[in-house]
Amino acid sequence: MGVQSLVVACGAVALCLALTTATNPGFVVRITQAGLDYAHQHGITILEKELAQLKLPDMSGDSRVGRVGKVRYELSRLRLRDFHLPYSRITPISNVGLQVSISNAFAELDGDWRVKFLFVRDHGSFDLKAENVYIKISLRLGSNAAGKPTVSTSECSARISKVRVLFSGRLGWLYNLFHRAIESRFRKILEDKICDIVDKSVQNELQTYVQTLPVTARIDAKTGIDYSLVAAPRATAQFLDAGLKGEFYSLAHRSTVPFSPLPLALPSDHDRMVYFGASSYFFNTAGIAYHEAGALVFEITEDMVSGTSGTGLALRPWKRFHLLRSSGSSQQSWRSPSERAGGCGMGLGCQTRVCVGMRGLTMGSSVPHCPSVTVVSLQIPKDSRFSLDTSLFSAFIPQLEEMYPNMPVKFRLSTPTAPFLTIGPGGISLNPIVEAQAYAILPNSSLAPLFLLSLTGNVSAVINVRSGRIVGSLDVGRIRLSLKDSAVGTFEVRTIQSLMNILTSSSLLPRLNARLDEGFPLPLLDRIQLSNILVRFYQNFLLLGADVHFQPRG
């Protein structure tokens, strides 16, 4: 009784260990029946060529023919002219692998014969046709220690229902008297040779080809993707699934991801040849990898701002614009502090001509001679160019220009933690936290910290597939600011809301989108091209569907 209890306990522990160490994939590749059929067509073409090169050995033997007596024969120079596989199909077998069934195949060959009996010798040629050839091939799918897929022949059987031999020559009639014995020998040799060719073709062609699946893909100088199999490919009655690790990692230092992928169950769609399920785990490990690699640090300087603003008037500090709003209506207007115009130049209901000067205006103050007009914020139109220096901030941080007069300003943007996204039926969204540290660049090129902002906002993503790569772009909603630290005193961060919007939209966002437009490689076998792309979002994963085109070597 004690021994039985111990056995049960050990079994329970082993089961628990197996369950806890089982790894959910972060990325799933599904090949539908349509995809298997397409691959099968190319495989059968290769097998036909291999079988057509089949070499048969010379044959010789003795046979007793009626009153003629013992006949010595030799068959040589056997040449296989054709081997056709007109009907075949591939079927996924649940928990087993794949089965290929070939029916009504036929082969044609010819050769030379030589005969000797009594004192008679003769020779000639012959034709042979093997008909109603049936071949059944079972393929075992697995993975090796490196996480690459493997395929091997677990079973092969060939059956030839009919073999016909026709001898020509002066004594051809003699051979035709004992053709059954010769046909039986041909049948046995052909059946064995067919499975030999199948084994070699699977090993040399199919196995070699599936090994072209990249288990690691280098993305750039800092990161890579791990596409190794977490388990052997799994066949069901409708499709073939391959679970991949689907994990980005830093090339400099690969660390353990602090969370695990959730179970990923793809829908039963079958309109495309292949589907890719990219989980939220897959994308979130990208954030971790890039964060660890230090790739999520960006700098914005005067040169970058000028370079991304295009042509137009460069707004020096004295050309700063204010956003003014009438208290009596929803009207608002941009005006330069030095600009004069009738009725306050704004059409906001004030009838007094006034110069709206830069000095003396603060958030919430009324414009002189126009009590109905209020300074809502000190902002810059998005289509304007400006100089990124301390004088740009002087209206709302007066002490800054006094401490660092007319000095260039640089922002360093970084993420304190790796960004984390969510995927749902509505798409991909994330709420990253970005810290923007502002520096004054001193004459000796050293940096003086000014203030540290925390930026948050809603970010959405658009995903597509191009040239076998996942590509995308980001769209940023309204940015929310908060002041985390300041070496130049406190100030209202909302006064620079538009400035930060411009800096992020004109400098940071294009750089991120340029990188996303380069894309990340999908796990594709060699010489595979995708078309007819489908993109759908589900809870916790993105589904990509595509048809496949195999490009043979030229």
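Here are the numbers for the structure shown:
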item	result
Label zone at residue 475, where the point sits 7 Å out along the Cα-to-Cβ direction: segment 393-433 residues whose backbone N lies under 14 Å	426-430
Amide H within-cut-off set for residue 486, under 5 Å, with H built and near neighbours excluded	452
Loop-resident sites, segment 108-214, for chymotrypsin sites (Phe, Trp or Tyr not before Pro), counting at most 16 other Cβ within 10 Å (DSSP)	119
Extension reserve of the residue 220-residue 482 stretch, reckoned as 0.36 nm per residue once the Cα distance is removed	90.9 nm
Accessible surface of segment 430-472 [probe 1.4 Å, protein heavy atoms]: carbon and sulfur percent	56
Partners for residue 148 among lysines (Cα-Cα distance below 24 Å; same-chain residues under 8 apart left out)	200, 222, 245
Principal axis dimensions, segment 184-223 - Cα atoms, whole angstrom, descending	65, 8, 6
Cα shape, segment 98-234, gyration tensor, a/c 1.5 rule	prolate
Student exercise, segment 151-306 dipole from Lys, Arg, Asp, Glu Cβ charges, in Debye to nearest 20	1620
Accessible area (Å², per residue) of segment 52-121, counting only protein heavy atoms and a probe of 1.4 Å	59
Those aspartates and glutamates that a straight Cα-Cα span of less than 15 Å connects to residue 116, excepting residues fewer than 8 apart in one chain	62, 74
C-alpha center-to-center spacing [segment 433-477, segment 509-554] in angstrom	25
Sites residue 106 and residue 534 - FRET efficiency at Förster radius 51 Å, r taken between beta-carbons, to 0.05	0.80
Total charge dipole magnitude, segment 73-140, about the Cα centre, Cβ charges on Lys, Arg, Asp, Glu only, Debye to nearest 20	260
Label-point separation in nm, residue 199 to residue 260, each point 7 Å along Cα→Cβ	4.1
Relative contact order (%) - segment 180-313, alpha-carbon pairs under 8 angstrom, separation at least six	18
Counted charge near residue 155, where neighbours are those whose Cβ lies closer than 10 Å (Asp, Glu -1; Lys, Arg +1)	+2
Carbon and sulfur %, accessible surface of segment 184-311 computed with the full protein complex present, 1.4 Å	54
Reachable lysines, given that their alpha-carbon falls under 18 Å from the alpha-carbon of residue 410 and they are not under 8 places away in the same chain	484
Accessible surface, segment 134-246, averaged per residue in Å² (probe 1.4 Å)	48
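The values are calculated or read from the model by the stated rules, or taken from the named source; none is laboratory data. Because the structure is a prediction, the values reported are computed rather than measured. Note that each Cβ is placed from the backbone with ideal geometry, even for glycine, and that neighbours are counted across all protein chains shown. With ligands, DNA and RNA removed, areas are computed over all heavy atoms of the protein, side chains included. Shrake-Rupley method; radii C 1.70, N 1.55, O 1.52, S 1.80 Å.
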